[in-house]
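First the structure, in the form of structure tokens, and then the observations on it.
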Amino acid sequence: MSLHRRLASVAVLLAVVVGLSACGDQASEPPEGAARLRENVPTTVDGVVLVAANVWDDSIVLTADDGEGAAEDAGIAVGERATLKGRTYELVSVHEDTSSSAPGGSGGYAWVLPVE
């Protein structure tokens, strides 16, 4: 392989790596009405307590509790919907925090959109 081809291959590889890393850092605007759920922190949304657990890659376990009977949960991935306690929620995005934190704490969060 010639030196020119090797340099061109390296340049293409670097461009791809830089492009992919920039994609992960871009935070797109969540849709109007979406709720930001910090991992393992109960958050009230329209009278229902939601908790995002197991925030990982592009999925979470969403738990809903409306105070009526047992809470319900479902594992969902980005773009999927789950109906819990008679209400439907769509997982819009997941932001995983891989830094170390205190036990039980996490900076990871998810955007969940209540769907009518």
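The values are calculated or read from the model by the stated rules, or taken from the named source; none is laboratory data. Predicted model, so just to flag it, every value in this text is computed and none were measured. Using ideal geometry, Cβ is built from the backbone for each residue, glycine included, and neighbour counts are taken over all protein chains shown. These accessible areas exclude ligands, DNA and RNA; they are computed on the full protein's heavy atoms, side chains included. Shrake-Rupley method; radii C 1.70, N 1.55, O 1.52, S 1.80 Å.
Some notes on this structure:
- The residues of the stretch 62-90 that are part of a strand (DSSP E or B), under 19 Å from the mean Cα position of the chain (by Cα) and over 11 Å from residue 50 (Cα atoms), listed by number, are 74, 75, 76, 77, 81, 82, 83, 88, 90.
- Residue in the stretch 91-99 that is over 14 Å from residue 115 (Cβ atoms), in contact (Cβ under 8 Å) with a residue 60 or more places away in the chain and part of a loop (DSSP other than H, G, I, E, B) present: no
- Cβ-Cβ under 6 Å pairs, at least 6 apart or on other chains, the stretch 101-114 side open to solvent by 20 Å² or more (accessible area, probe 1.4 Å), far side at pLDDT 75 or above and of a type in the set (Ser, Thr, Tyr): 111/93; 114/89
- Scanning the stretch 46-95 for residues that are among the aromatic types (Phe, Trp, Tyr) and open to solvent by 60 Å² or more (accessible area, probe 1.4 Å) returns a single hit, 56.
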